[in-house]
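What follows is calculated from the coordinates using simple rules that are stated; it is not laboratory data. Just so it is clear, the structure is predicted and the values come from calculations on it, not from any experiment. We place every Cβ from the backbone using ideal geometry, glycine too, and count neighbours over all the protein chains shown.
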Amino acid sequence: MPCRFESGPGHQTLDDLGAKTRNIAGFLFLYDFIFMSMSFDNQYHRLRRRRLAESTREFLARGKSVARCELCQLASYACICNWRPRLASRCEFVLLMHRDEVFKPTNTGRLIADVLPGQTHVFCWSRTEPEPALLNLLADPARLCLLVFPVENAPGHALVSHLPSGDQRIPTFILLDGTWKQSGRMFHLSRWLDGIACIKLPDTRERGYAVRKSHQEDYVSTAEAAALCMAVANEEDNARVLSDYFALFNHHYLATRGSYPPDVSELHKRLELFKGSG
Ligand SMILES: [Zn+2]
């Protein structure tokens with residue numbers, strides 16, 4: 001299925017964008033340096049820039065052209081960047097993104113990188129060629145790695161529902177960021193994930209994802225799953241802020257899709273208290 005953007009510059013294709021980006025390949029290092037020196041940059045943004053530079057896949061603009069924020073990818077009039085919270089957490093996240101997910105406007109994994117930029121490690125998933133930095137993370141004895149995938153009786157994977165008390169390792173939650181079907185394939189085909197325990201998330205949070213619906217009853221978006229992970233780590237306040245940010249993203253995404261400015265609500269006021277410096 002081709003990557004599609006809801007809007008963009010006319011019928012510009014990823015070929016066009018890729019070519020343009022390749023034309024300035026010599027400046028990519030400088031580009032990265034500039035972004036990295038700005039406090040709002042994170043590993044998702046870096047991966048997206050890299051994939052844009054590499055990509056030869058076509059996408060077609062849908063609907064009329066809309067000016068978009070370069071960071072949150074929402075329409076400029078519905079940009080969420082002013083409400084992006086910054087959290088302090090002992091948790092870290094490994095976001096394994098399916099390659100199709102990197103450019104999807106509906107992707108919510110990137111919200112985790114927004115709120116925990118220094119603690120969210122983002123990789124493009126590869127069945128056979130996982131990045132060495134990813135394998136190093138998974139093998140790091142200072143980490144308690146837990147795979148967020150709701151499966152019972154999976155050979156090679158213990159199933160846990162809470163963090164062991166007194167464990168000083170860094171809780172490191174591995175999230176498979178793709179459609180339900182893609183996430184299943186990523187789980188079953190990644191032999192390098194063998195031996196990592198799966199975490200069963202509590203089923204208590206209200207499901208609020210209005211953007212991308214699933215036929216799976218137990219489907220949660222990636223951002224919702226991350227909020228539940230923080231709740232499991234006894235970080236309820238962080239879980240609530242991430243849930244609010246996710247709700248705000250939904251609200252503004254629907255406004256972008258409907259071409260209307262989002263109204264400002266209690267949600268915005270709550271998030272302003274946690275606003276980052278970026
Ligand atoms: Zn924005």
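Below, the figures for the structure above:
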read-out	value
Segment H162-R99, extension gain: residue separation times 0.36 nm, minus the distance between their alpha carbons	19.6 nm
The stretch 242-278 residues near the modelled F40 label - backbone nitrogen below 14 Å, point 7 Å along Cα→Cβ	275-278
Stretch gain in nm, segment R49-L135, where the contour uses 0.36 nm per residue and the Cα spacing is subtracted	28.7 nm
Amide N proximity, the stretch 71-90 versus D263 label position 7 Å along Cα-to-Cβ, cut-off under 17 Å	78
Spin-label model distance (nm) - A88 vs N234, 7 Å beyond Cα toward Cβ	1.7 nm
Dipole of the stretch 43-272, positive direction: furthest Cα of L159, A88, A53, with charges on the beta-carbon	A53
Antiparallel DSSP beta bridges within the stretch 43-272, percent to nearest 5	5 percent
Amide H contacts under 5 Å for I170, placed H, 5+ residues apart	R143, L144
